[in-house]
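All of the numbers you see were taken from the coordinates with simple rules; none came from a lab. These numbers were taken from a predicted model, which means no experiment stands behind them. Cβ sites come from the backbone with ideal geometry, for glycine too, and all protein chains shown count toward neighbours.
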Amino acid sequence: MTNRKLEILTLAQHLFKERGYSATSVRDIAKAAGVEAASLYSHINGKEELLDRTCFTMAERFILGIKEVNDIYFDAALKLKMAVDTHVNILSNNIDASVVFQRDWRHLNEERRAEFIELRNAYEEEFRVIVQNGIDEGLFNEVDVKFAALTILSSLNWIVEWYNTEGSLSASEIAENLYNFILTGLKK
C-alpha cells in the first residue's frame, strides 16, 4: 500500500469512527485528504474499499494473534492471559480502526460480510477452545463455554469505547486487569 493510500485510509478510519460509515461521504474523505473527490478515485475505488480493508486487516491481526497463542503449549490460564493481552493490544494500537472494525462491519457488501462473520466466528471458536481446555485441565469451573467466550470478548471489545492513550493505564495494564477479572469468574 502506498503512503498516500495509507494516509487516506487513516483519515477515513477517523471519519468513520467520528461520524459513522454511513454518514461519511467520499467528499468528506477527499476534503480531509486535501484533494477533490474525483482525485480520490486515483487512490481508492471508493469508501467501500476503505471499510473492507479496515475490517479484514483487523480480522487478520486477531486471527493471527489467537492462532499464535493456541499453537503454544501452555495451560489454558496462561493462554487466556496471552489471548487477552494480544486482543487488547491490537484494539488499543489503532482505536479508530478498532471502532470501525467493531461497529461498521455490518456495512460490508453481502459476500464480504459473510466472509467477515466466518472469520469472527473462527476467532470466537479459538476462545472457546481455551475455555474448554481450562475446564478439561481442571483449572476453570464448568461453565457454558460459548457464553463464557462471548462474555470475555464483549468485555475486551468494550475498551474501544473508553480507552484513552493518555489515560493512567497502559494497554498491557488494562489487559492484566481484565484477565484477572475474567479469571475470577472462571477459576476454581
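Listing 105, 162 from fewest to most neighbouring C-beta atoms within 10 Å gives 162, 105.
Since only 2, 145, 78 are under comparison, the one whose Cα sits farthest along the positive direction of the charge dipole of the chain, derived from C-beta charges on Lys, Arg, Asp and Glu, is 2. Taken along the Cα-to-beta-carbon direction at a fixed 7 Å, the label points for residue 115 and residue 144 span 3.3 nm.
Test of understanding: what is the full-extension gain from residue 68 to residue 102, defined as 0.36 nm times their sequence separation minus their Cα-Cα distance?
Values: separation 34, 0.36 × 34 = 12.24 nm, distance 2.19 nm.
Length gained between residue 68 and residue 102: 10.0 nm.
Considering only alpha-carbon pairs that sit under 8 angstrom and 6 or more positions apart, the relative contact order computed for the range 46-186 is 35 percent. Only Lys, Arg, Asp and Glu carry charge here, each on its Cβ (+1 for the first two, -1 for the last two); on that basis the chain has a dipole of about 420 debye about its Cα centre. Note on residue 183 and residue 25: the model spin-label points, each 7 Å out from Cα along the C-beta direction, lie 5.2 nm apart. With respect to the cross-link table entries 17/67; 5/67; 67/187, which display a Cα-Cα separation exceeding 25 Å? Distance filter (> 25 Å) returns 17/67; 5/67. One chain, two ends: residue 4 and residue 162. Fully extended at 0.36 nm per residue, the span grows by 53.9 nm beyond their Cα-Cα distance. The Cα atoms of the range 139-188 cover 39, 18, 10 Å along the three principal axes, with the biggest extent listed first. At q = 0.08, 0.14, 0.18 Å⁻¹, what is the log10 ratio I(q)/I(0) for the chain, with the Debye formula run over Cα points and no solvent? Per q value, in the given order, log10 I(q)/I(0) is -0.30, -0.81, -1.15. When the chain is described by a simple charge dipole with +1 on each Lys and Arg Cβ and -1 on each Asp and Glu Cβ, the residue from 55, 24, 34 located farthest towards its positive end is 34.
For the chain, adding -39500 (n - 2.57) for each run of n ≥ 4 DSSP H residues and dividing by the number of residues yields -24000 deg cm²/dmol at 222 nm.
Calculated FRET efficiency, residue 129 to residue 173, Cβ-Cβ distance, R0 = 25 Å: about 0.40 to the nearest 0.05. Taking other C-beta atoms within 10 Å as the exposure proxy, 181, 127, 62 rank 181, 62, 127 from fewest upward.
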